[in-house]
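Worksheet: the structure to be examined is printed underneath.
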Amino acid sequence: MNMTRVDNLRCIISVLISLLVCIGFGGGIEAQTSEPDNENETAQGLYNPEQGGTVVATVDGTPIYQQEIEVSPAMIKISFMERDPGEDEIRKFIARKELSMLKAKIKEKIRENIIQELDISVTEDEVENAVDSRFEQAGIDEKKALQIAEWYRIKIEALKEWQKDKSRSDEIYREYFEGWKGNWEFTRKQWQVFIESNPTENDLERLKSMSPEGLDDIRETTIQSVKREMLHEKLVEQISANLRVSNDEIYILYAERYSGITEKPAYSEVREKLREEIKNRKKQRVMLEWWQARFIETDIQIKDERLKELWRKKPFIPVPREPAPDEMKGEKPDIQYRPRSQ
């Protein structure tokens, strides 16, 4: 299987998993971002109920809200499905998860700002064509989409019955899931996590609103994901535009990789593959250095005292690793980024 097909499958599968997690366990991995009408005024206060509640951090004045990094009970249950953790372990898990999501949100805000500054864009046709290609590669068609929609419908119907009479948990599980012939297994443990995470009528209504009805709904979710991915790829390409890989670098890696191997491929057969491998290593290093610079120059304010303490202990400033010997040759790439005017 070639890498393009693998990447396409990963993209579609990640979207489907996100949908399944949302409907299956009562909470998405990534909350929606609310954009305030007046960023400066909103960011100065710690509470804005209309725009998403408590502000836990700002990135160049743009707020990040508590709800965007909140660890839901469902997320905890999913992470500890095989055992019952102690209170201290849960607290540490929540702290790690919130810090991780905060870092991801900060990176997202920085990336969005710089993509806008550099006027990086993708057309609707580019996105539509990319989505068409990925759906085709992943084998997602109307039939499969309807199977997903049916799975959601069954789980919501079972949840509705359970909410009417919560003493019938085992009976409802047997009725709806023991004979299920679809593509997804649903164990008793998963059923228990599902109902415990969605005990109220409001939870039921929320899940209904999130359920796809067919291919168009899944496609719409995929379009947003693919567009973000394409913008990020264009940003990376612009930053690493001057990267070069010399023939000497390729041959050194070839000699090291196949040293002592009798039946090794001809250099000409693997040259381009090795060139891409070295280029990707260099690109990773350039991006680490680029992110390090962005985090230093960006005005990041952590408003929440608990998160501020966690941030002090483990700030997100990636430290580039030392380059491998084959990466030392050649000219250091010029990072193509125009810093914002002060």
Query raised in the report: Which distance in nm do the two modelled labels at SER259 and LYS164 give, with both placed 7 Å along the Cα-to-Cβ direction?
Result: 7.2 nm
Query raised in the report: What are the lysines whose alpha-carbon lies under 30 Å from the alpha-carbon of LYS166, with same-chain residues fewer than 8 places away excluded?
Result: LYS77, LYS155, LYS181, LYS189, LYS208
Query raised in the report: Nearest 0.05, what FRET efficiency do ARG174 and LYS92 give at R0 = 41 Å with Cβ-Cβ as r?
Result: 0.65
**Report entry** Potential extension, ILE223-ARG275 segment - 0.36 nm per residue separation minus Cα distance
**Finding:** 15.6 nm
Query raised in the report: Considering only Cα-Cα distances, which of the following residue pairs are longer than 19 Å: LYS234/LYS273; LYS143/LYS227; LYS107/LYS314; LYS97/LYS303; LYS107/LYS273?
Result: LYS234/LYS273; LYS143/LYS227; LYS107/LYS273
Query - Per-residue HN-Hα couplings for region 293-300 [Karplus 6.51, -1.76, 1.60; θ = phi - 60°; Hz; x = Gly/Pro] - result: 5, 5, 5, 6, 7, 7, 7, 9
Query raised in the report: Using the 10 angstrom Cβ neighbour count as an exposure proxy, how do ILE296, ILE218 rank, fewest first?
Result: ILE296, ILE218
Query raised in the report: What FRET efficiency comes out for the pair LYS144/SER209, r = Cβ-Cβ distance, R0 = 22 Å, nearest 0.05?
Result: 0.50
Report task. Work out the FRET efficiency for GLU126 and GLU201 from their Cβ-Cβ distance, taking R0 = 45 Å, and round it to the nearest 0.05. Result -> 0.60
Query raised in the report: Considering every Cα-Cα pair within region 174-278, what fraction, in whole percent, is farther apart than 15 Å?
Result: 80 percent
Requested in this report: Using every Cα-Cα pair within region 255-294, state what percent have a distance larger than 14 Å.
Outcome: 60 percent
Report summary line: In whole angstrom, largest first, the equivalent ellipsoid semi-axes that the Cα gyration tensor gives for region 141-214 are 21, 16, 9
Query raised in the report: By counting other Cβ atoms within 10 Å of each Cβ, how are ARG96, ARG294, ARG83, ARG134 ranked from fewest to most?
Result: ARG83, ARG96, ARG294, ARG134
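The numbers here are math on the coordinates, done by the rules we state, and not lab data. Here the structure is a predicted model, which is why all the values come from computation and not from measurement. Virtual Cβ from ideal backbone geometry, glycine too; neighbours counted across all protein chains shown.
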